[in-house]
Amino acid sequence: MQKSSLLQDVAVGIAVFVLAACHSSKPVGAGSPMMAKAAAKPADVTPANVAMGDSLFNRGNCQRCHGLLGVGGTGAPALDGKKWLQLKTGSYDEIVSIVTTGVPAANIKDPTHKNPMGARGGRAALTDPQIKAVAAYVWTLSHQ
Ligand code: HEC
C-alpha cells in the first residue's frame, strides 16, 4: 500500500513536471501579440465583471465622453488601445488607477478634449468593485 501510493505520488509529480515544461516551452507563434495578451489576462477580468462594466460604461456616463463601446467621442479618446494618450501600457492596473483618479484639465494631452475626466470617471458614487468592473470591460476593448 505504502509503496504504491509513493509510486503514485512520483508519477503525479512527473506528470505535473512534464505539463509545466510543455506549458513553458514556447510553441510557434508564442511571440505574437494575440498569444501574449491571452496569457496575461488579469484575474479581475471575469465574465461577470466584464458584463457589469459593459453596462456601467455604456449606460452610465463613460460613453457620454468616450462614445458607445469606447469608440471615442468629441470629448475623449477611443479606448481601443491603438494609441494611448494617458496610459503607458494599457494594463488593467493602469486603467483602474486612471478611472479612480480621473484626468485633471492640466493633464489632458489632446486639447480638443475640453472637459477633464472627474475622479471615478466623474461618478463619485461608483464603488471600488464597480470601478474594477468598468476597468475589466475597458481592458477587453484593447485585448480582443
Ligand atoms: C467628461 C468626459 C469624460 C468622462 C465622463 C469619462 N472620461 Fe475618461 N477621459 C476623458 C479625458 C478628457 C481623458 C484624457 C484625454 C486626453 O489626455 O486628451 C480621458 C482618459 C481616459 C482613459 C485613458 C485613455 C488613454 O488614451 O490613455 C481611460 C482608460 C478612461 N478615460 C476611462 C474612462 C471610464 C471607464 C469612464 C467612466 C467610468 C470615463 N473615462 C469617463 C474624459 C472623460
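The values are calculated or read from the model by the stated rules, or taken from the named source; none is laboratory data. Computed from a prediction, not measured in an experiment: that's the story for all the values here. Note: ideal-geometry Cβ built from the backbone for every residue, glycine included; neighbour counts use all protein chains shown. Heads up: the accessible areas ignore ligands, DNA and RNA and are worked out on the full protein's heavy atoms, side chains in. Shrake-Rupley method; radii C 1.70, N 1.55, O 1.52, S 1.80 Å.
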Task: Sites R123 and K82, calculated FRET efficiency, Cβ-Cβ separation with R0 35 Å, nearest 0.05 - done: 0.85
Open item on the list: Placing +1 on the Cβ of each Lys and Arg and -1 on the Cβ of each Asp and Glu in the stretch 31-141, which of A48, Q130, C65 has its Cα farthest towards the positive end of the resulting dipole?
Closed with: C65
TODO: Calculate the length of the line joining the C-alpha centroid of the stretch 47-77 to that of the stretch 90-126, in whole Å.
DONE: 13 Å
Task: Most to least accessible of T89, T46 (protein chains only, probe 1.4 Å) - done: T89, T46
Open item on the list: Taking just the alpha-carbon atoms of the stretch 31-141, what radius of gyration and Dmax come out, in angstrom?
Closed with: 13.4, 41
Task: Heavy atoms of D128 accessible to a 1.4 Å probe, total area in Å² rounded to 10 - done: 90 Å²
